[in-house]
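The values are calculated or read from the model by the stated rules, or taken from the named source; none is laboratory data. Note that the structure is a prediction, hence the values are computed from the model and not measured. Glycine gets a Cβ as well: all are built from the backbone with ideal geometry, and neighbour counts include every protein chain shown. For the accessible areas, the whole protein counts, side chains as well, though only heavy atoms, and no ligand, DNA or RNA atoms are used. Shrake-Rupley method; radii C 1.70, N 1.55, O 1.52, S 1.80 Å.
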Amino acid sequence: MNQTVENSVGLYIHVPFCSSKCQYCDFYSVTDRGRMDEYAAAVTDELTTLRRAGAYADGLRGREISTVYFGGGTPSLLGADRLSALLRAVKDCFSVLPGAEVTVECNPSSSLSGGFFETLAAAGVNRVSLGMQSAVDAERKRLGRKATAADVSAAVNACRSAGIENISLDVMLGVPGQTEQSLRQTLDHAVTLGAKHISAYMLSIEEGTFFAKKRETLNLPEEDAVCDWYLAMCEHLKNRGYRHYEISNFCLPGYEARHNTAYWYDGEYLGIGPAAHSFLNGRRFYFPRDLDGFIQGGFPVEDGPGGGWEETVMLALRLDTGVSLRETEERFGVVPFPSFADKLEPYRSGGLLAFDGDRIILTEKGFLVSNTVIGEIIAAMTDNR
Ligand code: SF4
């Protein structure tokens, strides 16, 4: 883990507003946009309180902010002026490292015109993550997304014209009605638009969503086919210069998402807003999924200790650099070798992981069954303690 990640903290601000609810979405958001001013004021209060008293986030004292991430929900719905004011409040309250990565998630729509990105760039935003999901309008519509592929292109061009080059696009696999060819069309659209980073997630049907209620009628692609598409996608993007650096994330050289990468290196972060999670000073805590409660000054809920060896190994194995047994042993006293290697041999010979005598790295086939393989690696290490 590098020094910057160890000593600094990532700041996440959840923006719990969406213009409408996408049919598959389980993220916390509401469609009552009338409360955005109240909410922005509550976040500013929260930041100011943290500066004054330390409060529940005492672990922040003396530490610098290395990344700021506005996620949602739909942060762009807040508008450029509110987002800029929040970023000013962050800078007033904390020491933000020079060159810190500052990301705003945006939903492509007409509200991103009229100087939106210029205002963000002037405030210090240097990375934008756009919810594309699919470049095929019929697929986007089935997901409940209103914007078209042309809106995505317009948003990317507007963002770049404003001087923000670091653009990430979300892609979804397993969308109702998707085919391998239509996925390829989506990937080519992202590449042609010059995305520096692509996050590609498989659709998962969460209980309580509209999709869960009508699962049988969705015309979902076969699971085996989606797995094949995932492997084809990895090849497709690698051939176009993208590094597959995490299970679901690809980037051009030097454009890893620094905020998320810190999570996978077990770095600490503070999350502000309903449904935002934190890991600070070895403690985990989160704000409940309750906009009213947050606006009224509710406190976060304790979620136990974090940063144990199992968690660290599990997170590291999501990355293409995998986990170092030597570092794990030095840091946590886990003695993983040599019997450990025997237990994992079936996974190595089955092409699910690679082992060079120190690092265990999941292959792309291994990423597809990461829960199982990571569980087996941790079990083997536990047996060997
Ligand atoms: S825009 Fe994003 S957060 Fe909002 S409903 Fe759609 S998927 Fe969920």
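The table that follows gives values for the structure above.
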{"quantity": "Candidate set: segment 208-237, residues that are open to solvent by 40 Å² or more (accessible area, probe 1.4 Å) and aliphatic (A, V, I, L, M); chosen: the one modelled with the highest pLDDT", "calculated": "Leu231"}
{"quantity": "Unmet requirement for Gly267, which otherwise passes all of (1) closer than 30 Å to Asn157 by Cβ; (2) within 17 Å of the chain's Cα centre (by Cα); (3) surrounded by 16 or more Cβ atoms within 10 Å (Cβ to Cβ); (4) not charged (D, E, K, R)", "calculated": "(1)"}
{"quantity": "Residue check, Arg82 under 20 Å from Ala190 (Cα atoms), touching an Asp or Glu at 6+ places or on another chain (Cβ under 8 Å), more than 13 Å from the ligand (Cβ to nearest atom) and charged (D, E, K, R)", "calculated": "no"}
{"quantity": "Criterion: closer than 24 Å to Phe117 by Cβ, basic (Lys, Arg), at pLDDT 95 or above and open to solvent by 70 Å² or more (accessible area, probe 1.4 Å) - qualifying residue of Arg258, Arg240", "calculated": "Arg258"}
{"quantity": "Candidate set from segment 52-70 (those that are buried (at least 21 other Cβ atoms within 10 Å of the Cβ) and out of contact with any Gly (no Cβ under 9 Å at 6 or more places or on another chain)); member that is modelled with the lowest pLDDT", "calculated": "Ala57"}
{"quantity": "Identity of the residue in segment 25-35, within 7 Å of the ligand (Cβ to nearest atom) and open to solvent by less than 50 Å² (accessible area, probe 1.4 Å), that ends up modelled with the lowest pLDDT", "calculated": "Cys25"}
{"quantity": "Residue list for segment 95-107, restricted to those being in contact with a helix residue (DSSP H, G or I) (Cβ under 7 Å, 6 or more places away or on another chain) and at pLDDT below 95", "calculated": "Asn107"}
{"quantity": "Considering residues of segment 281-303 that are touching a Phe, Trp or Tyr at 6+ places or on another chain (Cβ under 9 Å) and surrounded by fewer than 14 Cβ atoms within 10 Å (Cβ to Cβ) only, the residue farthest from Tyr39 (Cα to Cα)", "calculated": "Asp303"}
{"quantity": "Pairs where the first residue, in segment 17-28, is touching a residue at least 40 places away in the same chain (Cβ under 8 Å) and farther than 10 Å from Asn107 by Cβ and the second is within 6 Å of the ligand (Cβ to nearest atom) and among the hydroxyl-bearing types (Ser, Thr, Tyr), C-beta under 9 Å, 6+ apart", "calculated": "Phe17/Ser29; Phe17/Thr74; Lys21/Ser29"}
{"quantity": "Residue match in segment 36-51 (condition: surrounded by fewer than 19 Cβ atoms within 10 Å (Cβ to Cβ), within 16 Å of the ligand (Cβ to nearest atom), within 30 Å of Ser204 (Cβ to Cβ) and at pLDDT 90 or above)", "calculated": "yes"}
{"quantity": "Pairs with Cβ under 8 Å, 6+ apart, first in segment 199-217 and over 30 Å from Tyr255 (Cβ atoms), second of a type in the set (Lys, Arg) and in a helix (DSSP H, G or I)", "calculated": "Ile205/Arg215"}
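Rundown of residues vs (1) touching a helix residue (DSSP H, G or I) at 6+ places or on another chain (Cβ under 8 Å); (2) under 30 Å from Phe299 (Cβ atoms), yes/no style:
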residue	(1), (2)
Asp58	no, yes
Glu64	yes, yes
Ala80	yes, no
Ala89	yes, yes
Cys93	yes, yes
Ser109	yes, no
Gln133	yes, no
Lys141	no, no
